[in-house]
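Engineer: This is the structure, below, for whatever I ask next.
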Amino acid sequence: MSLRLGDEAPNFKAQTTIGDIDFHDYIKDSWVVFFSHPSDYTPVCTTELGRTAKLKSEFDKRGVKALALSVDNLEDHHNWVKDINETQDTTVNFPIVADVDRHISELYDMIHPNASATATVRSVFIIGPDKKIKLTLTYPASTGRNFDEILRVIDSLQLTADYSVATPADWKHGEDVIVVPAIKTEDIPAKFPKGFKEIKPYLRTTPQPNL
Ligand code: BEZ
């Protein structure tokens, strides 16, 4: 059964490059970006894990931990990490799960047989501190993920978790946001003292409230 937004992220125990983990203990009170890659020692994956390592300060700022996964074994992960560090000019600073028996990949529906019978696709699960799935992305092996987009959606998720707003197309941190339709226009000034614009009765914008 596939996982849907709002579902609890299933717990699992796993061998990783930092030792054995219990996923829910790993999440603890953080946000987590849990992502799979097709295979160690492949070029696109090398750039993706390098980019993730380089974004540590951005993830830390947002209270986010990264966790990578593939079906390769721990020895391959450790040896490949040396290549990532060397070629991407970084130090991998997050754990990589060795899902050799594929039980986690199957639990998270990360193997799409019509894409590859054996390797995981590029899945992303963004999980909140309540352990619920907030956002999922799925990319094919041939397309490396855009990590600016992953940071952008985390900004949107964290903002909209705390305020009655939604973020418009292409929104970036700092730009105006949309007041959700459930808020009556006459109630906006009290809730959003920075002001608002009514473009249509259903389209009201306000400056980002948490700045
Ligand atoms: C890559 O990471 O470069 C890759 C992995 C599997 C298939 C194609 C590309």
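Engineer: Out of the residues in the range 71-82 meeting the condition of being part of a helix (DSSP H, G or I) and open to solvent by 60 Å² or more (accessible area, probe 1.4 Å), tell me which one is nearest to Pro43 (Cα to Cα).
Structural biologist: Of everything passing the filter in the range 71-82, Lys82 is nearest to Pro43 (Cα to Cα).
Engineer: Here's another thing I want to ask about it. Read through the list (1) away from the ligand (no atom under 16 Å from the Cβ); (2) within 30 Å of Ala161 (Cβ to Cβ); (3) assigned to a loop (DSSP other than H, G, I, E, B), then give the number of the only condition that Val100 fails.
Structural biologist: Single failed check for Val100: (2).
Engineer: Could you name every one of the strands (runs of 3 or more DSSP E) located completely within the range 105-201 that has at least 1 residues being over 18 Å from the mean Cα position of the chain (by Cα), of a type outside the set (Ser, Thr, Tyr) and modelled with pLDDT of 95 or more?
Structural biologist: In the range 105-201, the matching strands (runs of 3 or more DSSP E) lie at 177-179, 197-200.
Engineer: Residue by residue through the range 150-171, note down the ones that are free of Cβ contacts under 8 Å to residues at least 12 places away in the same chain and of a type in the set (A, V, I, L, M).
Structural biologist: Once the filter is applied, which keeps residues that are free of Cβ contacts under 8 Å to residues at least 12 places away in the same chain and of a type in the set (A, V, I, L, M), the range 150-171 yields only Ala169.
Engineer: Scan the range 72-86 for residues that are more than 22 Å from the chain's Cα centre (by Cα) and touching a residue at least 60 places away in the same chain (Cβ under 8 Å) and jot them down.
Structural biologist: Across the range 72-86, the qualifying residue is only His78.
Engineer: Look through the range 114-130, keep the residues that are small (Gly, Ala, Ser) and surrounded by 14 or more Cβ atoms within 10 Å (Cβ to Cβ), and return whichever of them is farthest from Cys45 (Cα to Cα).
Structural biologist: Out of the qualifying residues, it is Gly128.
Engineer: For the range 29-45: of the residues being more than 7 Å from the ligand (Cβ to nearest atom) and outside any strand (DSSP E or B), which is least open to solvent (accessible area, probe 1.4 Å)? Lay out the reasoning, then the answer.
Structural biologist: Kept after step one, since they are more than 7 Å from the ligand (Cβ to nearest atom), are these residues of the range 29-45: 29-36, 40-41.
Cutting the leftovers down to outside any strand (DSSP E or B) gives us 29-30, 40-41.
On the way: Asp29: 124, Ser30: 23, Asp40: 7, Tyr41: 111 Å².
Among those that are more than 7 Å from the ligand (Cβ to nearest atom) and outside any strand (DSSP E or B), it is Asp40.
Engineer: Does any residue in the range 1-15 that is open to solvent by less than 30 Å² (accessible area, probe 1.4 Å) come within less than 6 Å, Cβ to Cβ, of a residue that is assigned to a strand (DSSP E or B) six or more places away or on a different chain, and which pairs are these?
Structural biologist: Ala9/Ile127; Ala9/Ile133; Ala14/Ile21; Ala14/Val97
Engineer: Next question. Kindly establish whether Leu137 is more than 14 Å from the ligand (Cβ to nearest atom), free of Cβ contacts under 8 Å to residues at least 60 places away in the same chain, in contact with a strand residue (DSSP E or B) (Cβ under 8 Å, 6 or more places away or on another chain) and over 23 Å from Gln15 (Cβ atoms).
Structural biologist: Considered against the rule, which asks whether it is more than 14 Å from the ligand (Cβ to nearest atom), free of Cβ contacts under 8 Å to residues at least 60 places away in the same chain, in contact with a strand residue (DSSP E or B) (Cβ under 8 Å, 6 or more places away or on another chain) and over 23 Å from Gln15 (Cβ atoms), Leu137 comes out as yes.
The values are calculated or read from the model by the stated rules, or taken from the named source; none is laboratory data. This is a predicted model, so every value here is computed, not measured. Glycine also receives a Cβ, built like all others from the backbone with ideal geometry; neighbour counts cover every protein chain displayed. Surface accessibility is based on the protein's heavy atoms, side chains included, excluding ligands, DNA and RNA. Shrake-Rupley method; radii C 1.70, N 1.55, O 1.52, S 1.80 Å.
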